[in-house]
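Reviewing the structure listed below.
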Amino acid sequence: MTERIKKVLVTGGAGFIGSATIAALQNCGHEIYAIDNLSFGNRQFIDLPDPHFFEIDLLDRLELAKVVSHISPDWIVHLAAIHFIPYCNQHPVAAAQVNIQGTMNLLDAAKNVRNLEKVFFASTAAVYPISDRAISETHLPAPTDIYGLSKLTGEHLMNEFHLLTSVPTIVCRFFNAFGPNETNAHVIPEIQRQINAGCRTIQLGNLDPQRDFIHTSDMARAIGKLLTAFDRGIDIFNLGRGIEYSVTEVVAAFEQVLGEKIAIEVDPARVRKVERMHLLADITKLKNFIDWEPKISLKQGISTLIEHQPLVSIG
């Protein structure tokens with residue numbers, strides 16, 4: 001017996017991870033609705049009819065409540081956030097307002113949805129302390145920046161929501177996502193941007209830190225499987241690939257795909273004074289729970305970016 005089609009509300013649906021998640025849920029046959037204020041997202045990223053898309057802000061509490069009530073979703077996937085760490089550091093009040101107050105507004109609206117079956121909350125690896133080893137969900141949180149702090153607060157809000165409503169609640173800590181439709185100047189899209197501008201000597205910041213890069217299509221598959229499988233309580237899952245790459249290794253992958261040499265110059269203005277040297281996910285819990293494996297390697301993922309937006313060759 002197949003599971004009935006669900007009515008799913010995705011906040012931040014026109015964004016980077018939101019667009020991949022919506023596509024994956026649509027492939028499963030679900031009825032999708034999206035909320036996005038388009039401050040970072042792009043309406044063209046998602047194939048939704050206009051009656052299923054709502055351009056509103058999470059901070060507009062009354063309008064948000066009206067829209068959530070109108071949709072009356074079975075599932076809520078809460079992805080909307082300000083998540084680019086340099087932006088969060090420069091605009092800490094805005095980051096706190098959207099990531100904390102916006103989440104509070106959404107959950108206040110969700111409490112009145114009688115048919116709500118489960119809620120998914122996108123948290124972050126930035127809630128974890130600095131560690132040189134793979135981080136599991138049992139690590140005690142200790143955020144080092146406003147973004148991580150705001151998301152950890154969001155996790156507490158999700159826990160309170162579950163205690164009040166008993167709605168099954170998934171907290172998923174995302175590691176470093178990459179793929180098409182990126183809307184912030186993270187390292188991979190920044191490398192691609194400079195290459196597309198014709199540069200073969202590119203300007204970057206910290207080169208040695210290693211990150212766990214996971215392609216958004218792998219993330220979207222995991223989100224869909226979690227939504228299907230999780231049916232009681234509240235729990236936390238890491239979502240990464242379980243492999244670390246340095247910035248220089250990322251550039252080397254671009255070189256292999258492009259077939260050209262790329263030189264790197266360190267731009268002092270791009271260097272973060274406080275930086276983790278490692279951020280690696282232990283994804284054992286997630287893999288065991290949903291029988292899932294990430295499929296796309298760093299090089300394969302960069303190839304998908306190039307298919308989406310071809311690099312400019314000057315050779």
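No lab work stands behind these numbers, since they all come straight from the coordinates. Small disclaimer: the values here were computed from a predicted structure and weren't measured. Positions of Cβ are backbone-derived with ideal geometry, glycine not excepted, and every protein chain shown enters the neighbour counts.
Structural remarks
- Packing-based order for 106-118, 14-26, using average beta carbon neighbours within 10 Å, highest first: 14-26, 106-118
- Within a Gaussian network of the chain (alpha carbon springs, distance under 10 Å), most fluctuating of Val77, Val266, Val247: Val266
- The trypsin sites (Lys or Arg not before Pro) of region 1-97 meeting both criteria, a DSSP state outside H, G, I, E and B (loop) and at most 12 other C-beta atoms within 10 angstrom of the site's C-beta, are Arg4.
- In the chain, taking the dipole from charged Cβ atoms about the Cα centre, the farthest positive-side position among Ile283, Ile234, Ala177 is held by Ile234.
- Net charge contributed by nearby residues that have their C-beta within less than 14 Å of Asn176 (K/R +1, D/E -1): -3
- Radius 15 Å from Cβ of Lys66, net charge of other residues (Lys, Arg +1; Asp, Glu -1): -3
- Among the listed values (i) 93, 55, 33; (ii) 59, 41, 40; (iii) 69, 44, 35, the one matching Cα extents along the principal axes in Å as calculated from this structure is (ii).
- Of the trypsin sites (Lys or Arg not before Pro) in region 121-207, the ones in a loop by DSSP (not H, G, I, E or B) with at most 15 other beta carbons within 10 Å are Arg133, Arg200.
- Net charge over other residues, Cβ less than 15 angstrom from the Cβ of Asn288 (K, R count +1; D, E count -1): -2
- Gaussian network model of the chain, Cα within-10 Å springs - most flexible of Met219, Met277, Met158: Met277
- Under 5 Å from the amide H of Glu275 lies no amide H of any residue 5 or more positions distant or on a separate chain, with H modelled from the backbone and absent for Pro and chain starts.
- If R0 is taken as 41 Å, the Cβ-Cβ distance between Leu207 and Asn27 corresponds to a FRET efficiency of 0.65.
- Long-range lysine pairs (8 or more apart or interchain), the chain, Cα under 21 Å: 22
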